[in-house]
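Everything below concerns the one structure shown next.
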Amino acid sequence: MFVVILLLLTFFLTGGVCGLWVALNVKDSAVRLERWHLRNLDLRAQAAGHLGPHGRILTATGFRVVGGALALLGFGMILAPLTAALLG
């Protein structure tokens, strides 16, 4: 049981830190994700033979919102059981 708890704690802590990293745009991570997304859309359109503009799905702000949600989810999944255990 301890191994499962440790694994979940590690998983949610990693997800929360990574989400916070993107949400706060540390080292322009959201901007880099947006550029990576656009490059992948261009390559996918080129491979399919489409010459027109592609539909843009996420911007850097969208990546920051998703990162913030991931951070809240990750830290919430850690803090909720801890507070429940501490409060009884």
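Choose one of Val65, Val22, Gly49: the residue whose Cα lies farthest towards the positive end of the charge dipole of the chain (beta-carbon charges +1 Lys, Arg; -1 Asp, Glu; about the Cα centre). My answer, from the dipole projection, is Gly49.
Note on the chain: with neighbouring protein chains present and a 1.4 Å probe, carbon and sulfur make up 74 percent of its accessible heavy-atom surface.
Computed over the chain, the P(r) curve from all C-alpha pair distances, binned at 5 Å from the origin, holds 3, 14, 16, 15, 13, 12, 10, 7, 5, 3, 1, 1, 0 percent per bin. Rolling a 1.4 Å probe over the heavy atoms of the protein chains gives the chain an accessible area of 77 Å² per residue.
Considering only alpha-carbon pairs that sit under 8 angstrom and 6 or more positions apart, the relative contact order computed for the chain is 46 percent. Reported to the nearest whole Å, the Cα centre-to-centre distance from region 55-83 to region 1-49 is 10.
The long axis of helix 60-87 is offset from the longest Cα principal axis of the chain by roughly 10 degrees.
The values are calculated or read from the model by the stated rules, or taken from the named source; none is laboratory data. Quick caveat: nothing in here was measured; it's all calculated off a predicted structure. Cβ: placed from backbone, ideal geometry, glycine included. Neighbour counts: every protein chain shown. Quick note on the areas: whole protein, heavy atoms, side chains included, nothing else; ligands and nucleic acids left out. Shrake-Rupley method; radii C 1.70, N 1.55, O 1.52, S 1.80 Å.
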